[in-house]
Structures are given as structure tokens and as C-alpha cells.
1. Which lysines have a Cα less than 20 Å from the Cα of LYS23, not counting those fewer than 8 places away in the same chain?
2. Which value does Rg/Rh take for the chain over its C-alpha atoms, Rh per Kirkwood?
3. Using the basic label-point model (7 angstrom from Cα toward the beta carbon), what is the ILE239 to ARG67 distance in nanometres?
4. Which of the three applies to the stretch 2-122, rounded, prolate or oblate, going by the alpha-carbon gyration tensor with a ≥ b ≥ c and a/c under 1.5 meaning rounded?
5. Between TYR81 and VAL144, what is the label-to-label distance in nm when each label sits 7 Å out along the Cα-to-Cβ direction?
6. What does the net charge come to around ASP105 if you take all other residues with beta carbon closer than 14 Å to its beta carbon, with K and R at +1 and D and E at -1?
7. Could you give me the percent of Cα pairs per 10 Å distance bin for the stretch 134-236, shortest bin first, beginning at zero and ending with the bin that holds the maximum distance?
8. Hey, what number do you get for the chain at 222 nm if only DSSP H runs of n ≥ 4 count, each worth -39500 (n - 2.57), divided across all residues, to the nearest 500?
Amino acid sequence: MIRVIAVDDEPLALQQIVSYIGKIPYFELVASCRSALEAAAVLEKEAVDVLFLDINMPDLSGMEFVRSLSEPPMVVFTTAYSEYAVEGFQVNAVDYLLKPFGLADFQKTAAKVKKQYDLKDAVSAVSALDADDALFFKTDYKIVRVEVSRIAYVEGMSEYLKIHVTGEQTPIIVLLSMKKFEERLPADKFMRVHKSYIINLTCIREVSRNRVLLEGDVSVPIGDMYRSAFMGWLDSKFIGK
């Protein structure tokens, strides 16, 4: 179940959202709150997956409230003012419901929430390297151990990564930034060669001006920002210059 808090200072609006939440079979209402401060108190005690949050509220606006949270849950903003839409997406809101909205609109938003929730649940964070130089990934509701040496390359895809493992047809999907994942990998064996690619240096077969050919005939582009460092590493490996 996806645990939900509804927050709105208008009683009728709050009642409507609570009613809609009750019609979504995969939603569980944790609390209905009349202010952001009340919601903050709930978050301190309860695990919450998503906030349905009004923006215009006294004392602390919904936008200010989200920005104050170090690790906010998913957020859906509900407001009568369309000018807040862009600002809402700047804080990574899942969706934006413009009042007055009906059940059909709410159901579409609920589906977006579920899609993102399923992705996060299926592909959570990566462990640190264990004593045997392996990483643990939570994927498809199970934990998978992968030896780092078997990671051929990492491909960035918007908010998540595809970890391509030698001998496996299907990549492991991880909800993580390239930068954070790069920090988990041994720098002497892996190198970022493009904003969207990290490669295992031991898997290189050929290098051209703009691309690296890896084992399995996988062609990876070399980005301008990373070319100098990569070519410097390559130059250090030449014999008989």
C-alpha cells in the first residue's frame, strides 16, 4: 500500500481529497491535516510515501514546507492557482492538480504516483562494496549481488541508471544519480566517458576518436567534457610509443 497524507487548510477541499484517496485501492490514508505544521508532526512519527499538498496555506505554504524537508516523500500539489505549476515541478513534484478537479483527474494522478512508487520500490539504493568487491542491488522485490568486475558499463536514463552486467541479457535498473554511483565504483577500473556512460576499463576492445567499443560489440560515445581525462588514461597504457 502507498501511504498518503492529505494537507489542505480548506475543510471541504480536504474532505474531497480524503474521499478520493479512499477510492484508490492501493492508497492508504495515514492522516488528513489542516496545515503544513500539522503534516510535519505526522512525518516525524509515520512513514509516508506521498503528500497531496495544497500550496496556499497560512503560516507555512506547501511549497515552503516541501523545501524545508531534507528527504521529502513524493508530492502532488493541489491548488487553484495555475501559476504555481512550474514552481511545483522545480521541486520534483510528481503531479499538479488544479482545483476544482474531479475523480477522473485524481485517478490519473494516482496512476502516476503508483508508477513512480513501483519504480522506487523495485530499484532502491545500492550498497557499499562488500569484502569481495561486490555490490548489492534491490530490484524486482529481491536483493541481487553483483561482482563489480562483471559490470560492463552503466547507462544513465533520466532519473535512473541501467547497470549492464556481463553475461546478463537484462540490465539492473537503479534509481540513483550517475555521480553517486560513480563514487561507489573503484576509480582504477571504471571511468566516466560521457555524461550518460560509465565504462569498465577492462572491457574496452577498441577506441576511435569519438567512441569506445566494449566487449559484446557495445559502442559507447566519448563526451567532450570527459575526452581529455580518458585519452590521458589511454595514453598511459601505450607500449612502444
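Bear in mind that the values in this text are calculations on the coordinates, not laboratory data. In this text the structure is predicted, and so the values were computed from the model without any measurement. Virtual Cβ from ideal backbone geometry, glycine too; neighbours counted across all protein chains shown.
1. LYS99, LYS108, LYS112, LYS114, LYS115
2. 1.10
3. 5.9 nm
4. It comes out rounded by the Cα gyration axes.
5. Those two pseudo-labels are separated by 4.6 nm.
6. Net of charged neighbours comes to +3.
7. Bins of 10 Å from zero give 15, 51, 29, 5, 0 percent of pairs.
8. That calculation yields -9500 deg cm²/dmol at 222 nm.
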